[in-house]
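A short write-up of the structure that comes next.
The values are calculated or read from the model by the stated rules, or taken from the named source; none is laboratory data. It should be emphasised that the depicted structure is a prediction, and the values quoted were computed from it without experimental measurement. Cβ placement follows ideal geometry from the backbone for every residue including glycine, while neighbour counts extend to all protein chains displayed.
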Amino acid sequence: MTRKQRFLAAVRREQPDMVAVAPLIHHRFAHKLLGRTDWKAVFEVHQMLGSCHHRGPIGAGWHSKMPDGWSGESKVLEKDGPRTLTQNVTHTPLGNLTSKVVSGFAPDDPIISKSIEYEVKGPDDWEIVRAIHEKRLEGFTRYEHATADEAHDVMGEDGVASVGLGCSIAHIGSVRGMQDMLYDLVDYPDLMESVRQVLFANIEKSVESFLEAKAEVAWCDICWATGANMGPEMFAKWCLPEVQRVTEIAHSKPGKYMGLYTLGKIRELLPMLVDAGVDFIETFEPNQGDITLAEAKKLYGKRTCIMGNFNCVTLARGTVEQARAEARRCLKEAMKGGSYVMVTGDEVPADARLENLKAMVETVQEYGRY
């Protein structure tokens, strides 16, 4: 079987000839090796390793024409060597939203950045956010998935050009910050629900774009919800309906698969996520999570594909033999019966050692055959 065939077989809860191995390489590690951050750089790294491309900087979106008076601009406020402070301003007739981002502060990880001022400072700003996305919907012109289509064609049988999609909580958190997001969801539930509905209407457009794209697989990033440790009741209100809906839309077209990217403690959330019918769930963090890979596979492996749990710290701080041992552990806990892809417990860090990643892949090739 090819790398792609193995991956898709696991997503269909089947048993391939060998465990698919797909470390979550993204733009940071690709930049370290190749000095580039595009999806082709990520795919080239996978080719170097012999692993299957799964999650990289690829999306399916849509274009919108905004009316006069609705625009954005960015400008550099400070620059000290590689360290750069950038201000982003969104102009609207209702008022402006301003944020600040600092980048270039970590010489060994130059791509990483940090928000030091979020766009939303209070309830009035949420009104502006809602209006912006209402205007986006009104100005819809066409779907855009050319990059996903190109990636699908270029990768062929060596990778899966999976499409990344957001959820409304991810957007809410990114413009407000995690702590203040949680406060607002509790303090202004009606306002925040109206914002969520408009944001999700925008997200639905991206899911529809995925249906038109050549890519077979999409993943919905709900890590802002799971990582915030909302609890089952809060999660069921603010995130679960979207998980159910994106999965329903994806499954409306044969040959399309929808999975979830999660972080943090998900033990109490897993029953409702599996009931939603998602095709796979990742990443089962080994350090921040609260369920073992073996238990997740035993409880849910017949109903969804389990991905993840390989300790990223081992890739950066461990030896080659420790990387091999970590791969053998994951295989022991989850490979039986298929429906499993060996994926890292989060993004491969920028300081990961290439020889450790190679050891991960080689161990699967040696011990991961059915």
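Quick notes
- Which listed residue is assigned to a helix (DSSP H, G or I), over 14 Å from CYS330 (Cα atoms) and within 15 Å of the chain's Cα centre (by Cα), from VAL246, VAL278: VAL246
- Complete set of residues in the stretch 242-269 that are crowded, with 19+ Cβ neighbours inside 10 Å and without any contact (Cβ under 8 Å) to a residue 40 or more places away in the chain: THR247
- If the condition is being assigned to a helix (DSSP H, G or I) and either basic (Lys, Arg) or touching a residue at least 40 places away in the same chain (Cβ under 8 Å) (or both), then the stretch 343-361 contributes LEU354, ASN356, LEU357, LYS358, MET360, VAL361.
- Applying the set (1) touching a residue at least 12 places away in the same chain (Cβ under 8 Å); (2) in a loop (DSSP other than H, G, I, E, B) to GLY156 leaves exactly one unmet item: (2).
- Qualifying residue in the stretch 326-344 (condition: under 17 Å from CYS223 (Cα atoms), crowded, with 16+ Cβ neighbours inside 10 Å and of a type outside the set (Phe, Trp, Tyr)): yes
- The stretch 6-54 - residue that is outside any loop (DSSP other than H, G, I, E, B) and of a type in the set (Gly, Ala, Ser) and, of those, surrounded by the most Cβ atoms within 10 Å (Cβ to Cβ): ALA20
- Hey, GLU119 in contact with a Ser or Thr (Cβ under 6 Å, 6 or more places away or on another chain), modelled with pLDDT of 95 or more and outside any helix (DSSP H, G or I) or not: yes
- Test: ALA327 is in the same structural domain as ILE266 (by TED's automatic domain parsing), within 23 Å of THR262 (Cβ to Cβ), not acidic (Asp, Glu) and not in a loop (DSSP other than H, G, I, E, B): yes
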